[in-house]
Amino acid sequence: MPKKKIIMLPKTRRILNELGDNIKLARLRRKLSAEQVAERANISRPTLSAIEKGSPTVSMGSYLLVLQVLGLEKDFLLVAKDDELGRKLQDAKITTRERAPKRSNV
């Protein structure tokens with residue numbers, strides 16, 4: 001089965017690249033080699049390299065494992081914590097249509 005090509009908006013791509021750069025800088029500040037971090041996170045060296053480049057094909061779990069090795073796993077909890085748009089929509093009581101009931105096969 002061929003690999004599915006991931007299409008991303010440039011803004012999203014820049015966010016992932018910045019995340020990868022931040023992870024790499026955190027590793028370097030701790031004076032850890034890529035080999036050490038990969039081994040401690042139980043991932044391959046190429047996977048760590050892909051994470052540090054902000055690859056969209058690497059699982060969130062792998063990103064989290066690396067953050068854990070660097071002692072930054074709590075930063076992951078900050079994702080979507082302050083959902084300003086969601087709160088505004090909730091306050092405005094904008095409702096979404098509910099799904100239609102399932103059809104019975106009678």
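The values are calculated or read from the model by the stated rules, or taken from the named source; none is laboratory data. Because the structure is predicted, anything quoted here is derived from the model rather than measured. Ideal geometry is used to build each Cβ from the backbone, glycine not excepted, and the neighbour counts take in all protein chains shown. The area values use the complete protein model at the heavy-atom level, side chains included, leaving out ligands, DNA and RNA. Shrake-Rupley method; radii C 1.70, N 1.55, O 1.52, S 1.80 Å.
Data overview
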quantity	calculated
Answer residue from region 16-38, given it is part of a helix (DSSP H, G or I) and free of Cβ contacts under 8 Å to residues at least 12 places away in the same chain and is least open to solvent (accessible area, probe 1.4 Å) among those	Ala38
Residue count for region 55-87, restricted to those that are open to solvent by 90 Å² or more (accessible area, probe 1.4 Å) and not in a loop (DSSP other than H, G, I, E, B)	8
Hey, Asp91 surrounded by fewer than 10 Cβ atoms within 10 Å (Cβ to Cβ) and among the acidic types (Asp, Glu) or not	yes
